[in-house]
Structures are given as structure tokens and as C-alpha cells.
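Single-structure report; data block below.
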Amino acid sequence: MKKVYKLTMFLFITGLSTAFAQDEKVDLEVIDKIRNEGMNHSKVMDIAFYLTDVSGPRLSNSTGLKNAQNWAVETFKQWGLINPHKEEWGEFGRGWEIEKSYIAMTKPYYQVMIGSPKAWTNGTNKQIKGNVMLVKIKSDSDFVKYAGQLKGRIVIMDVPSTIKIGFEADAKRYTDEDLEKMASYAEANPAAKDTYSPKAIQDYRARNTMQNKFREFCLNEKAAMIISYGRGNTGTYFTSNGASYAVDAKPTLPEMEVSAEHYQRMIRLLNANIPVELEIDTKTKFIQDDLKGYNVIAEIPGTDPVLKDEVVMLGAHLDSWFAATGATDNAAGSAVVMEAVRIIKSLDLKPKRTIRVALWSSEEQGLFGSKGYVKQHFGDKTTMTLMPEHQKLSAYYNLDNGTGKIRGIYTQGNKAIMPIFSKWLEPFANLGASTVTLSNTGGTDHLSYDALGLPGFQFIQDEMDYGTRTHHTNMDTYDRLSAEDLKQASIIMAAFVYNTAVREAKMPRKELPKATEKATGSK
């Protein structure tokens, strides 16, 4: 998922809401069964093992993602879910994966370096060895100084260090004060507002533009390779893509991302006029046999003659980045939603409405899987042209904020739903989950539903070390998962889905958003 944007618009519970909450029914006997199954017979870590250690990295349209999707389909089938299948959502583009990756400094002394090729870039396809050239470019006028000097060279760009000595633990949980603040703010018309300042956004875009110009310049100058700076600390680096996944993308140079410590060492040596020599051998593979994107879909059918045509959905994105195995982003969420439906199915509960689970693809490139699904099944958010299924969906629940346990839920500005969620969380207060906030949270697949006026929700989760250690990094592995947290999350996910499926009425909705374009497509 993309980094979560926390927004300043929150909960205000009126006396009327409290009355509604008292009327909301919760079958505590069923909740106890769900809790017992999820705590004492959990399969969530087994699921996570197959999605990470066994399947490997799950970059969009990669072999790892396809293996994980196929395994999920077969697992749903074994559990007795109805019609488990991969469902096409549209065209994505090329898959990409690493077949070989080696980088070491050989002068002034030998040391293996931490790094990997950047996504969708070419490999060297042989071992190359050469001195590193430090390029200092701050503005467009600086490029001319290096014209004719880069041919056959391994190039790095001078960048300031982001390395910091930490005095606090990486992993953190929300404090009572944090959660109280989340639950106490109120705003009449909540709307998405990210916490980045206009200057921060402008600076990011400027850096991105300069990096793209730098890549194009190095390609035109026939450099051998680019080594780029992997933001992070203590050997952890945040991965990114260095080229497009489009089939007709322009050719690129081989490019590797290395840890900040190893990158900054090269800069210091070169600034001291001490030559740095690297030895590199990488091989990457583009996958073009099937350019389409797919989601995994399966169902537990409803049992009520009238309500079985209505649907409750839960989901998480299955794709990941590539330098590790995408454990907290987002095998954790995928394992939780799979475990939630396993719990419901294993207890032979009888939901009135149909429960549909979805494992999305290509979330990391722009929520493509969930956006495509919503457009195919529910309507077009641009024109607000709605399909019959739009009225059949009661709610969608999403999990995609790492391995941390659930502490509550964001209501996306839906005031009418707050007392319902408050009542549903009461049995889980002793598990640390009780906060209901009017706030919106961004960056993941529930937004595809919310944009079309459908009740779509993401749970509040403890951040743990998501932003500092695991999110899109080479350390996002199975070892960073918290078993007890994922068990708790699975139980609450199962309870929310079940409560929605047996409730007399569908979940209340916000006002339908306005179309951003006319039906003709004109603005």
C-alpha cells in the first residue's frame, strides 16, 4: 500500500447515535465462537507463510504473484468456498522479476553491498567492473559539465544523507492518548487532506523530475549503469521502480538501489579523491505472456431467500514490492481476510447475505485491481453511472496497514455508521479495539468503493515498524509479522463481516458523490 495519510476529521457521537447503538444487536454467542476459533485454531500464520516464503515477491504480473493467486484459489476451493477464481480487471502491462543480483565494492577494499535492481529496469546480463563516477547535478545547467564523460561508466548522483541515529524503538503502538485524539475530533464535512505541505509535494515532484532527467541523460551518454540511493537506515532500504511497466516503455539503463550506508560511503570516498571500484552482475526478466491483471474472488453464499442476493465484501491487496516477500505489505492483510472467511466457513455460520472475499492485484501501482473491479461491478465514479449491483452491496472491509492489531475503524465521514461500529467493537475492547473515528484514511483499496458512494472501510491498526522498517523495503519478510496481532485482526474482521451479513438492514450510506464528468466524457 501507499503510505497512510492521516487526516484531521473525526468522531462526534450525538445522543441520537447512542440510542441507535443501543438498538444494534450483536450475537455474542457467535462472537465467542469466532474468537475461540481465531485464537485457538488459527491458520493465519500458515497462510502468511505460503504467501511470503513459498510464493516469494509478488510484484504485479510477476511469477510470484501468479503463484500466490493460484494457491489462494486452490485454498478457497479446499475450504469449500463457492466459485473461487481469478477475475480479469483489465490490462496492466509487463511483469518483471530478478533472476540474479550481485554487487560488491572491490576497491579500495572488497565488501559485498546491500542492494537490488530497481523494478522494471534491465539487467547487466554479464559481470561488469569499473570505477564509480560521482555526478553532482542540482539544476538543468549542470548537465552540460558531464557531456561526453559518462560512456561506459558506473554513475552515482551526489545526494545528502538521510541516515539518522535512532534513540527510540522502531515498532510503536498507538497510546490511549493517540486513540482518544482520533476519536475526539469532529469536522462537519470531512474530506481527504494529506499531511504533506504544498512545499513538500513540490519538492518531491522536483526531485522526481530531476531523477528522470538524470536517467535519460545517462542513457543518452551511454553510461554502463546507474547506482541509486536507497532511503532507509541500518541496512534497510526502501525500494522503488526505475522504469515503466508499459509494453512500449522506452529502454532504460541497468539500475541498482543500494542501502544508504553503502551509498554514502562511496560519496565520502569519491569526494576525498579515493577511487571506488564496483563489481556488478544482474539479470532481470520481463514477463509478457499475459498483460492482463487479475483479482482472486471467492464466496460464502447467503442463506436468506431475500437477502442472499446482497453482498458483504472483505479484501486486501495481494501484490507487493520485490526486494523482500511483501509480508506486512500486504501478505498480512491478505492472510487476515483469508483467515476471516476460513473462520466463518469452519464454524458453519449461516450468513443471510453472501460474503465475497477479494485479493486485489496492482494496488501498488494505483489501486488498479479494486478500481477495475468496482467499475465492472458497481459503476463508473467519473460519470456516476451506477450498475444494479451498486444497490446490492452492504459494505466492504479492507486491511492494509501492516502487521499491527486492529485498534478501531475509520468511518470515512459516515456519521450514521459510527454507533453501529461502536456497538460491534464492544466485545473486543479487552483486545485493544474500541476506537471509531469519523476520519478518512487514504492510500488503499477501500477508496475505490468510497469514491462511488459505497460503504468502504479500512481498520485502524498499530503502526508497529511499518513506516521505518518494512513498508516497501528489503526487510518486509515473514519475520516481521506479529502472530498475536494477526489473530486478533482476523477475529475482528470475521465479526464485522458476519455482523454485516446477518444485519436486518444494509449498512447506511453517505450521500452519493457528484460526477466529475458528464456521461459523454466531457468535463
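Tabulated data
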quantity	calculated
Only one of Thr468, Thr473, Thr516 that is out of contact with any helix residue (DSSP H, G or I) (no Cβ under 6 Å at 6 or more places or on another chain) and under 26 Å from Lys392 (Cβ atoms)	Thr516
Residues of the stretch 68-101 satisfying the condition of being closer than 24 Å to Ala243 by Cα and of a type outside the set (A, V, I, L, M, F, W, C)	Gly90, Glu91, Gly93, Arg94, Gly95, Glu97, Glu99, Lys100, Ser101
Within the stretch 237-314, strands (runs of 3 or more DSSP E) holding 3 or more residues that are more than 31 Å from the chain's Cα centre (by Cα) and modelled with pLDDT of 95 or more	277-287
Residues located in the stretch 62-101, provided they are of a type in the set (Lys, Arg) and outside any strand (DSSP E or B)	Lys66, Lys77, Arg94
Leading residue by the ranking (farthest from the chain's Cα centre (by Cα)) among those in the stretch 32-59 that are outside any helix (DSSP H, G or I) and more than 20 Å from Val357 (Cβ to Cβ)	Gly56
Which listed residue is loosely packed, with under 15 Cβ neighbours inside 10 Å and more than 30 Å from Val73 (Cα to Cα), from Pro305, Pro301, Pro275	Pro275
Sole residue being farther than 27 Å from Ile344 by Cα and of a type in the set (Ser, Thr, Tyr), chosen from Thr383, Thr444, Thr437	Thr383
Count - residues of the stretch 487-514 that are farther than 15 Å from Pro455 by Cα and at pLDDT below 95	1
The lone exception for Val112 - which of (1) under 20 Å from Pro251 (Cα atoms); (2) free of Cβ contacts under 8 Å to residues at least 24 places away in the same chain; (3) not aromatic (Phe, Trp, Tyr) it fails	(1)
Single condition Ala21 does not satisfy, out of (1) out of contact with any Ser or Thr (no Cβ under 8 Å at 6 or more places or on another chain); (2) at pLDDT below 95	(1)
Pair list, Cβ < 6 Å and 6+ apart or interchain, from the stretch 198-225 residues that are touching a residue at least 60 places away in the same chain (Cβ under 8 Å) to residues that are surrounded by fewer than 11 Cβ atoms within 10 Å (Cβ to Cβ) and not hydrophobic (A, V, I, L, M, F, W, C)	Lys222/Lys151
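The values are calculated or read from the model by the stated rules, or taken from the named source; none is laboratory data. None of the values given here were measured: they were computed from a predicted structure. Quick reminder, even Gly has a Cβ in these numbers, built from the backbone with ideal geometry, and neighbours come from all protein chains shown.
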